[in-house]
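Structure first, then comments.
Bear in mind that the values in this text are calculations on the coordinates, not laboratory data. This one's a predicted model, so the numbers in the text were calculated from it and none came from an experiment. Neighbour counts run over all protein chains shown; Cβ positions are idealised from the backbone, glycine included.
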Amino acid sequence: MPDTQLRPLRAFAESLRLDQVNLTERWMRAVFHDTELSDADRLTYEQLSDHIPAILEEICGALEEQDLDQVEPAIERNARKHGKLRWRQGYRIDELVRELDLFRQMLAGQIVQFSESRPFFTRRHEERARHFIDEAVSFVTLTSIREVLTERDRKIDEYTGRLERANHELTLKQRLVGDLYESRMQITRSVVHDLRNFLNVFSMALQLMSRAPAKVEAALALANRQAADMKALVDELVEYSVVLGDNHQAAVECFDLRGLFDELVASCSPAVEAKGLRLTAAFDDTLSTIVSNRLKLKQVALNLLTNAAKYTKVGQVELAMTAAGEDQWRLRVSDTGVGIGASDRERVFKEFERATGDDIPGAGLGLAIVRELTRVLGGQIRFDSNEGEGTSFEITFPVRLEAREGGEGGPA
């Protein structure tokens with residue numbers, strides 16, 4: 001296109017540039033006083049003007065070149081920023097459209113004002129200028145609306161994700177409440193069942209003493225045995241309640257693992273040998289001091305050893321502590337007892353579950369206590385068992401337990 005035909009539009013673009021500050025202020029006053037733009041009242045001068053001057057500059061470029069395609073990428077960038085800001089500032093889409101329409105009306109008024117004072121700016125030039133301004137503002141409006149919708153959809157997706165996570169957490173908590181209720185019912189059923197058995201035997205002992213005075217000694221022995229079993233049941237329940245109720249950070253200390261090993265052997269040997277069993281013990285001399293909670297480790301080992309002796313009638317119980325690499329060590333307790341059947345393996349660590357009949361005293365909490373303490377101590381537990389041949393438990397612990405908030409440990 002000849003340069004003589006471009007000059008009027010270039011002159012108009014230059015006048016817009018020179019009057020940019022005044023145009024921006026006039027537009028902002030129109031926005032502030034427009035009754036349909038209630039949200040604009042909350043914006044500051046800077047928030048309202050934001051990208052309008054930049055968009056005006058790109059429109060001037062389009063007028064000069066009479067080619068919107070060249071400036072379209074820049075207009076799109078500024079329009080997207082404009083839409084995103086208006087979304088964050090709480091604009092509705094109709095308010096965004098109204099705001100930009102006021103901008104278009106102001107520029108249309110500038111066309112009329114410019115043509116009246118410059119005879120060379122003919123009606124044809126007015127139409128061309130109005131065409132480029134309408135196209136540019138329409139493109140800005142469409143792009144800004146798309147950006148608002150994109151931001152809205154992103155926010156909806158974010159809220160939906162939060163809602164889904166909240167629903168998932170609620171489902172888990174509801175399940176936990178249900179499990180807790182079932183666990184309490186299980187406690188009630190188990191304790192009532194065991195106490196009924198104890199009381200029945202006590203009643204039998206009392207009847208035996210009243211009917212056969214000569215058998216008082218046997219009746220007393222029976223009553224004492226039941227009292228001891230009842231005490232073991234209560235002690236196990238108390239121990240488990242203490243373990244579950246301990247929400248404090250696990251206290252760690254540096255101690256000699258060999259000393260704990262010798263203490264376990266000395267304390268368990270009498271009970272094991274009293275049943276006619278043999279206690280075999282092995283300690284890896286490469287192990288020395290570790291950092292962990294000594295009392296909880298002792299509880300784990302004692303529960304495993306007590307269980308091993310309880311479910312073993314002939315043979316032996318084994319205690320071993322060995323190294324498992326530079327950063328871990330392993331506790332092993334095995335026996336030659338009744339073993340655990342395949343059908344019982346999934347529930348062996350659950351509360352009040354016992355793999356054998358009711359002839360073995362206890363509440364079935366020993367391995368549940370071991371599982372919880374192992375988690376707190378950052379250990380990993382595995383077991384191998386064959387019914388009628390025996391069971392072996394192995395727990396791998398860290399040589400150095402890092403103190404964690406809430407006493408959290410690794411998975412059991």
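Side notes on the structure shown:
- Centroid-to-centroid separation of segment 157-173 and segment 255-299 [C-alpha atoms, Å]: 47 Å
- As a proxy for reagent exposure, Thr35, Thr171, Thr396 were ordered by neighbouring Cβ count within 10 angstrom, fewest first; the result is Thr35, Thr171, Thr396.
- Likely footprinting exposure, Asp94, Asp256, fewest C-beta neighbours within 10 Å first: Asp94, Asp256
- FRET efficiency, 1/(1 + (r/R0)^6) with R0 60 Å, evaluated for Leu176 and Thr35 via beta carbons: 0.65
- Cross-linked pairs Lys84/Lys155; Lys275/Lys298; Lys81/Lys155: Cα-Cα separations exceed 19 Å for Lys275/Lys298.
- Exposure proxy shown here: for Tyr311, Tyr159, the number of other Cβ atoms within 10 Å sets the order, fewest to most, as Tyr159, Tyr311.
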